[in-house]
Amino acid sequence: MAFESLSEKLNAAFKKLRGKGRLSPADVKDAMREVRMALLEADVSYKVVKDFVKNVTEKATGADVLEALSPAQMIVKIVNQELCELMGGQNQKLNISSKLPSVVMLVGLQGAGKTTNGAKLAGYMKKQGKRPLLAACDIYRPAAIKQLETGGAQLDVPVFQMGQTNPVDIAKAAIEHAKKHGNDIVFLDTAGRLHIDEELMDELKNIKAAVEPAEILLVVDAMTGQDAVNAANAFDEALGITGVMLSKLDGDARGGAALSIRAATGKPIKFIGTGEKLDMIEPFHPDRMASRILGMGDMLTLIEKAEQSFDQKKALEAAERLKSNRFTLSDYLDQMAQLKNMGDLESIMGMIPGMDSKALKGAKIDEKAMARQEAIILSMTQAERNNPSILNSSRKKRIAAGSGTSVVDVNRLLKQFEAVQQLTKQFSGKNMKKLQKKMGRMGGLGGMGGGFPGLGF
């Protein structure tokens, strides 16, 4: 999980302060020493760390903080504000030209994830109501065109390619194609190299001059740490990048690149890649990320994920059936599908304030178990889904054979569904408090392990 180690160390430093009724300048100094070490270990550049600690210390040693009733909370608030400012202050959207199609040029080193993240961005913009076109301008890397076409097909986004011809000609032809076919935004997947060289930059400069992109988005691998910052500086100097997308942020527990890039380049981080799947992309919100780092959660992003993943009409219908105690196996199947769309539990639950990241380590949705349960429900008749009580021994054997599972698997599913049904019976005004108490006794999420579809913990 991104920033995991940094988050743990910062919260350990603040925990020492929380036990004190009043803070002395010496207490603040000790805490800042730990903050400094935490940031350096997270691979944040030394200059950025030095400036950050200086700013926090100046604000944290003010009389209003030291004399506050809860000075530790005041310091956490200051750190939160400074982290937010360090990462850019507020979310920066893609630059969209008034002259359509708007062109987004994706640049970066080989292996940073330009092709995959170009597809992710196109899919994201399609959800925002745009009509994107992906253009294959990487003619050097084997299978680059095929990879882009595969991603486009999965997202139902068209891909323009002309094979191994001049990338400048491809870019210009892609724009003309977009004009003819009503595409309002074009993503140019350009070539990368294993290192920055003159040949690469000359080619990118030529494409830039030919198409005049509204956005030059640098894709960098978050896991490369300070190398990502160095690459950003080099590309910015040569091309004048307008923004950054951090890929593979989910694989970097330190997160130093995210904290250094904005300060080093002055260019905003606009998007982050949060997983391998093509829908695992988020706009970068500095304030929300600062809250995540400090263990305050990120409810806004969680709500947005839920809105994107859940079918509103189905959710309302399910809510009505819950109220009237008519929750069926078909509803259960829908809930499984929508839960799966939200991604891994570790990242989802990490957005909830107060969640213990260590307790969530490795918590994932068991997709194989989910697939078995889906197959079992799909092998039932509508009458059986609506009324599982009619499932006798012979029916269970038929369902097991039809789904490629065993009768034991069928019984396990029915037991889990029964447990969920028991909970749904308590979704009424009078019984809501009882439900909350029950969930508390079950240990929050831990109690869902045996009774909620597909949870692998």
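None of the figures in this text is laboratory data; all of them are computed from the coordinates on show. The structure presented is a predicted model; accordingly, all values stated were derived computationally and were not measured. Neighbour counts are summed over all protein chains in view; Cβ atoms, including those assigned to glycine, are modelled from backbone coordinates with ideal geometry.
Principal semi-axes of the equivalent ellipsoid, √(5λ) from the alpha carbon gyration tensor of segment 25-161, are 46, 18, 12 Å from largest down. For segment 102-296, DSSP calls about 10 percent of its internal beta bridges antiparallel. Model label sites at residue 15 and residue 395, defined 7 Å from Cα along the beta-carbon direction, differ in position by 5.2 nm. Summing Lys and Arg as +1 and Asp and Glu as -1 over all other residues whose Cβ lies under 15 Å from the Cβ of residue 138 gives a net charge of -1. Just so you know, the Cα atoms of segment 110-197 work out to an Rg and Dmax of 12.3, 38 Å. Dividing the Cα radius of gyration of segment 102-296 by its Kirkwood radius returns 0.95 for Rg/Rh. Loop-located trypsin sites (Lys or Arg not before Pro) in segment 81-131 (DSSP state not H, G, I, E or B) with no more than 10 neighbouring Cβ atoms inside 10 Å: 99.
Pairs over the 18 Å Cα-Cα cut-off, from the set 99/172; 50/270; 16/77; 93/130: 50/270. From the alpha carbon centroid of segment 10-43 to that of segment 110-147 is 43 Å. Neighbour counts of other Cβ atoms within 10 Å put 48, 107 in the fewest-to-most order 48, 107. Between residue 141 and residue 378, the FRET efficiency estimated from the beta carbon spacing at R0 = 51 angstrom works out to 0.80. Karplus-derived 3J(HN,Hα) values for segment 396-408, using 6.51 cos²θ - 1.76 cosθ + 1.60 with θ = phi - 60°, are 5, 5, 5, 5, 4, 5, x, 9, x, 10, 10, 4, 4 Hz; glycine and proline are entered as x.
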